[in-house]
Amino acid sequence: MTPRERLLATAAFEPVDRPVHNEAIGYWPETLRRWHSEGLPPEINEDVSAYIYFGYDLQLPLAIGAHEHPGLDPVFDEEIVESDEHFVVKRDMSGSIVRVMSDGMSTIPAWLSSPVSDRESWEKIKGRLDPETPGRLAMLQPILDILGDQPLPLCLYIPGLFGTHRHLLGFQPLMIAYRRQPELLHEISRHWVLLWKRVVEKVCELRRPDMVSLWEDMCYRNGPMIGPKAFEEFMSPYYRELIGSLKQDLGVPIIGVDTDGDCTLLLPKFVDAGVNMIWPWEVQAGMDVLEVRKAWPREFVIWGGMDKRKLALDRKAVRNEVERVVPPMLAQRGYVPAIDHSVPPDVPLENWRYFLDLVRGQGMAAGA
C-alpha cells in the first residue's frame with residue numbers, strides 16, 4: 001500500500017498491509033543535538049529530515065498557522081522588545097508579546113499580552129485573517145502544484161477554534177472572556193468558520209486534502225481547559241458547521257484534533273462534531289488508550305498513547321510499553337502506533353532505534 005492508501009484505510013478501520021509508520025509528533029532540537037554525539041548524521045537536524053531518516057510514512061503537509069499563529073497573512077514581524085543575559089521579550093509572529101530564554105532553549109514561552117482584547121482590536125487584526133489574501137497559499141504552492149494520484153496523503157494543519165481564541169486573546173483573558181465578552185468570542189468563531197471553509201475550498205480546487213487537522217492543545221494534566229458546557233456553547237456549533245462542510249461538501253475523509261492532556265470529558269463533543277482522529281494521548285495526564293478504545297471502539301482513530309518517558313529507561317521498560325499497547329490496539333484497527341508527543345532529549349538514540357524496531361516488528365505481526 002502507498003502511505004496515502006494506508007492512512008485512509010486506517011481511518012476507515014480497514015485492513016492494512018502494515019501500520020502507519022509515524023511514531024512521534026516530532027523531536028526536540030536538543031534531542032537531535034544529543035543524538036549527533038551518539039551517531040546520528042549531523043545533517044539530520046530538524047523534524048522533516050528525521051522523518052525521512054527514520055523511515056516514516058511521509059505526507060504532503062500544508063501547515064497554516066496551527067500552533068504558531070491563528071492563520072495570519074501576513075504574520076507579524078518578530079520584534080525584540082527587551083533582552084538581557086537570561087531572557088528575551090519579543091513580539092512573535094502571532095502578535096503576542098512573550099518572554100523566552102536568551103539561549104534559545106526549548107521552553108513554553110511565557111505569555112505577556114496578546115493582540116486582541118476587545119472588538120476594536122479584533123477589527124484591527126481581522127484583515128490578517130482574510131481567506132482571500134493573495135499570499136495566503138503562496139508558500140504552499142509547490143506542494144499544491146503536485147497534482148494527480150499521489151502516493152502521499154495531503155494533510156492540512158490549521159488552528160482549531162480554542163487554539164484560535166487563545167492565540168488572539170491569550171489563555172487568562174480567554175477564560176475571563178467566556179463570561180464577560182461572549183459576543184466577541186462568537187464573532188471570532190463565526191469568522192473562523194468562514195476563513196477555513198474558504199481556505200479549504202481553495203485547496204480543493206487543486207487537490208482535496210486527505211486530512212484536515214485542528215490544533216487545539218486545550219487540555220492539561222487534570223482535564224480540559226474548557227468544560228463540556230462551555231464547549232457546547234462556544235465551540236460545538238462552529239465545529240459542526242465547519243466539519244460538516246469539510247466532510248459533506250468537500251469530501252475530506254479525516255478530521256483530526258491535536259490536543260495534549262486529559263481530553264476524556266471532551267470526547268463526546270468531538271465525536272458529535274464529526275472528529276474521527278485524535279492524538280497524542282498523553283500517558284502522564286492519565287490517558288490510557290486501551291481504556292479509551294473500550295469506550296469508543298470505532299468512532300475515531302487513536303494516534304499515539306505510548307509513554308515517551310519509558311524511552312529514557314532501559315530496554316525492558318521500552319519493550320514492556322510497546323507490548324502493553326501495540327498488539328491489542330492494532331488488533332482492533334484504527335490505531336497509529338506512536339509515543340504521546342515529541343521525543344524528549346533524555347531519550348538515547350539507541351533506545352529510539354530499539355523502540356522503532358519493536359513497534360514495527362509488532363506491526364508486521366499484527367497490522368492486518
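The values are calculated or read from the model by the stated rules, or taken from the named source; none is laboratory data. On a predicted model such as this, the values are computed, not experimentally measured, just so you know. Please note: Cβ atoms are built from the backbone with ideal geometry, for glycine as well, and neighbour counts cover all protein chains shown.
To keep it simple, each residue is scored yes or no on (1) outside the structural domain of residue 198 (by TED's automatic domain parsing); (2) in contact (Cβ under 8 Å) with a residue 24 or more places away in the chain.
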| position | (1), (2) |
| --- | --- |
| 22 | no, yes |
| 27 | no, yes |
| 44 | no, no |
| 54 | no, yes |
| 88 | yes, no |
- Hey, any hits in the range 74-91 for a residue that's over 28 Å from residue 167 (Cβ atoms), at pLDDT below 95 and of a type outside the set (Gly, Ala, Ser)? yes
- From the set of residues in the range 268-295 that are surrounded by fewer than 18 Cβ atoms within 10 Å (Cβ to Cβ) and aliphatic (A, V, I, L, M), which is nearest to residue 323 (Cα to Cα)? 290
- Note on the structure: How many residues of the range 144-172 are surrounded by 19 or more Cβ atoms within 10 Å (Cβ to Cβ) and not small (Gly, Ala, Ser)? The answer is 15
- Message: Residues that are within 15 Å of residue 152 (Cβ to Cβ) and either touching a Phe, Trp or Tyr at 6+ places or on another chain (Cβ under 6 Å) or assigned to a loop (DSSP other than H, G, I, E, B) (or both): does the range 22-36 have at least one?
- Response: yes
- Task: Please verify whether the range 337-359 includes one or more residues that are crowded, with 23+ Cβ neighbours inside 10 Å and hydroxyl-bearing (Ser, Thr, Tyr).
- Result: no
- Query: Do we find a residue being out of contact with any helix residue (DSSP H, G or I) (no Cβ under 6 Å at 6 or more places or on another chain) and polar (S, T, N, Q) anywhere in the range 205-223?
  - Reply: yes
- Message: Tell me whether the range 63-70 contains one or more residues that are in a strand (DSSP E or B), in contact with a strand residue (DSSP E or B) (Cβ under 6 Å, 6 or more places away or on another chain) and either farther than 30 Å from residue 141 by Cα or not β-branched (Val, Ile, Thr) (or both).
- Response: yes
- Message: Looking at the structure I just gave you, is residue 71 in contact with a Ser or Thr (Cβ under 8 Å, 6 or more places away or on another chain), within 22 Å of residue 210 (Cβ to Cβ), surrounded by 20 or more Cβ atoms within 10 Å (Cβ to Cβ) and of a type in the set (Gly, Ala, Ser)?
- Response: yes
- Item | Matching residues, the range 173-190, being within 19 Å of residue 130 (Cβ to Cβ) and surrounded by 14 or more Cβ atoms within 10 Å (Cβ to Cβ) | 184, 187, 188, 189
- Out of 84, 73, sole residue that is under 25 Å from residue 142 (Cα atoms) and not hydroxyl-bearing (Ser, Thr, Tyr): 73
- Message: Can you tell me which condition residue 151 does not meet? The list is (1) under 18 Å from residue 174 (Cα atoms); (2) assigned to a loop (DSSP other than H, G, I, E, B), and all the others hold.
- Response: (1)
- Query: Do any residues in the range 264-282 that are more than 14 Å from residue 231 (Cα to Cα) have Cβ atoms under 8 Å from those of residues that are β-branched (Val, Ile, Thr) and at pLDDT below 95, where the two are at least six apart or on different chains, and which pairs are they?
  - Reply: 279/25; 280/25
- Message: If I ask for residues that are assigned to a loop (DSSP other than H, G, I, E, B), within 27 Å of residue 200 (Cα to Cα) and either in contact (Cβ under 8 Å) with a residue 60 or more places away in the chain or under 24 Å from the mean Cα position of the chain (by Cα) (or both), which ones from the range 104-137 would you list?
- Response: 114, 115, 116, 130, 131, 132, 133, 135, 136, 137
- If the Cβ limit is 8 Å and pairs must be 6+ apart or interchain, which residue in the range 327-342 that is assigned to a helix (DSSP H, G or I) pairs with which residue that is among the basic types (Lys, Arg)? 329/293
